[in-house]
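The values are calculated or read from the model by the stated rules, or taken from the named source; none is laboratory data. Quick caveat, the model's predicted, so the values are computed rather than measured. Reconstructed Cβ throughout: ideal geometry from the backbone, glycine too, with neighbour counts over all protein chains shown.
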Amino acid sequence: MSTDFNQPGRQWIVSPAETIPIIPGLVKKPAIVQKLCQRCGSQAAGLLPNRKSYCRVCLGLGRVVEGDWLVQNLEVKKWPQIEHACTWQGQLTPQQKQVAQSLVESLQAGQSHLVEAVTGAGKTEMLFPAITWALAHGLRIAVATPRVDVAIELYPRLQAAFTCILGLRHGRTAPPSREPQLLVCTTHQLLKYIRAFDLLIIDEVDAFPFQNNQPLQFGAKQAVRQQGCIFYLTATPPAKLLKRAKQHELGYSSLHRRFHGYNLPVPRVYYCSRQQLKQLCPSIIKQTLTKAQQAGKQVLVFLPRIEQLPAYLTAYQKAFPDLRLASVSAEDPERLAKIEAFRVKQIDVLLTTTILERGVTFKSVWVIVWQAEDAIYQTASLVQIAGRVGRSADDPTGLVLFCYHCYTRYLRQTIRQIRRLNR
């Protein structure tokens, strides 16, 4: 058996031959038709040639087949109490301090908490007092996010701020040699843990694929100890979480102002005729990219479909041969490298899909959303996309341009919501 997994709070699959405490990977429940996967809580939908069932939902973490066993190491490890673990020298604003203090109080009371804070409000820094308190009391923390890109961005920021053992886990990382006291991971990785964390922080809780994903939400609840709590962070909270907060099942904090005090950029809208929509690089795009080039700004261009990226990229390259352009999507094998290249300003214009709608920070960027009426762009998504602009105190303003043919209710709600938050 691999010693990488023989750690308190971990769960993994074994064959029946191994003599260690185990539970069935799949079980039959009276109220359901198919067998239930005990790792992700889903009904097993797959059938092998030997007629054995297996779970398709958590297949990426290793196949759970009928007859396999799931090890759940429920041993409680004693983690060190680290005084003065936070080395961050920054200062929170008075509003941020109020939110941070409410999180500490919820942690002390063992109560879960929802933080509704606008994009660029400094959610990560507001977590520092609660994480510091947890480390001082020997607790274990996980910061999980649905997006790989967000996890990769969060890890160095937390690594620079805390002196404890940290770890980063997502689908492209190797298993750790030892389990960290502070883990940054994707929400998929939580399915590998059982009663492991005293505090679980889920950043961008409403993001795909965590939102409305019962197996991932099952895994998150399973990963927290019975006396532990969960902090939910987002700028656009789901209705279910808001309802729980109103019923006082969760603590609740809100912050409608960015850390630098400037307003959120209000999107400009531009009507495109059907003829313009057929053009890959119409005049409004050329004008906007020219202005951005003159102003020294990078540009994120959001397209609704992955298959659109190659043709649009070619058209932009022909129109602007002197600009450094690239495209990126969830299917791009060079995804992480391209995002980092854009972050360090080695790319001027990046065409992308909604994978970059939230959780990533770039300085001095403008945003264009092409075909903003597409069904993939709902209010929460558009608010998050607009929030990529003006995040830096050195450049707190910028252009957000929604190009549309039909003015949808999501476009209207997005502009109304941003204006309301600015008031």
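Residue-by-condition table, conditions (1) among the small types (Gly, Ala, Ser); (2) at pLDDT below 95:
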site	(1), (2)
Val184	no, no
Lys192	no, yes
Ala207	yes, yes
Gln217	no, no
Qualifying residues in the range 1-32 (those that are in contact with a strand residue (DSSP E or B) (Cβ under 7 Å, 6 or more places away or on another chain), part of a loop (DSSP other than H, G, I, E, B) and of a type in the set (Val, Ile, Thr)) - the one modelled with the lowest pLDDT: Ile20
Subset tally (residues that are of a type in the set (D, E, K, R) and closer than 15 Å to Thr353 by Cα) for the range 363-397: 3
Every residue from the range 362-401 that is among the polar types (S, T, N, Q) and out of contact with any Phe, Trp or Tyr (no Cβ under 6 Å at 6 or more places or on another chain): Ser364, Gln371, Ser381, Gln384, Ser392, Thr397
Count of residues meeting criterion [more than 22 Å from Leu351 (Cα to Cα) and touching a residue at least 40 places away in the same chain (Cβ under 8 Å)] in the range 371-413: 3
For Arg225: the one exception among (1) among the basic types (Lys, Arg); (2) in a loop (DSSP other than H, G, I, E, B); (3) in contact with a Phe, Trp or Tyr (Cβ under 7 Å, 6 or more places away or on another chain): (2)
The range 240-284, residues that are assigned to a helix (DSSP H, G or I) and closer than 22 Å to Gln384 by Cβ: Lys240, Leu241, Leu242, Lys243, Arg244, Ala245
Inter-residue pairs, beta-carbon under 9 Å, first assigned by TED's automatic domain parsing to the domain that holds Thr187 and among the acidic types (Asp, Glu) and in the range 54-70, second outside any loop (DSSP other than H, G, I, E, B) and crowded, with 20+ Cβ neighbours inside 10 Å, 6+ apart: none
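Look at the range 366-380 and say how many of its residues are surrounded by 22 or more Cβ atoms within 10 Å (Cβ to Cβ) and either at pLDDT 95 or above or not assigned by TED's automatic domain parsing to the domain that holds Leu303 (or both).
Within the range 366-380, residues that are surrounded by 22 or more Cβ atoms within 10 Å (Cβ to Cβ) and either at pLDDT 95 or above or not assigned by TED's automatic domain parsing to the domain that holds Leu303 (or both) number 7.
Need a quick list: strands (runs of 3 or more DSSP E) entirely within the range 101-190 having at least 1 residues that are buried (at least 20 other Cβ atoms within 10 Å of the Cβ) and of a type in the set (Lys, Arg). Steps first, answer last, please.
On the way: elements: 113-117, 141-145, 166-169, 182-186.
By residue number, 166-169.
Quick one: which residue in Gln294, Gln298, Gln346 is of a type outside the set (Ser, Thr, Tyr) and closer than 30 Å to Arg409 by Cα?
Values: Gln294 fails: closer than 30 Å to Arg409 by Cα; Gln346 fails: closer than 30 Å to Arg409 by Cα.
Every option except Gln298 fails the conditions.
Tell me, please, whether a residue that is hydroxyl-bearing (Ser, Thr, Tyr) and over 25 Å from Gly41 (Cα atoms) can be found in the range 140-150. Walk me through how you get there before you give the answer.
If we filter the range 140-150 for residues that are hydroxyl-bearing (Ser, Thr, Tyr), which is where we start, we get 145.
Pick out the ones that are also over 25 Å from Gly41 (Cα atoms) and you get none.
No, the range 140-150 contains no residue that is hydroxyl-bearing (Ser, Thr, Tyr) and over 25 Å from Gly41 (Cα atoms).
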Selection count, the range 381-397, where residues are farther than 21 Å from Thr234 by Cα and buried (at least 21 other Cβ atoms within 10 Å of the Cβ): 0
Exclusive hit being farther than 22 Å from Tyr155 by Cβ and either without any contact (Cβ under 8 Å) to a residue 40 or more places away in the chain or surrounded by fewer than 17 Cβ atoms within 10 Å (Cβ to Cβ) (or both), set Lys363, Lys297, Lys318: Lys318
Residue ID - surrounded by the most Cβ atoms within 10 Å (Cβ to Cβ), chosen from residues in the range 226-247 that are under 18 Å from Gln108 (Cβ atoms) and modelled with pLDDT under 95: Gln227
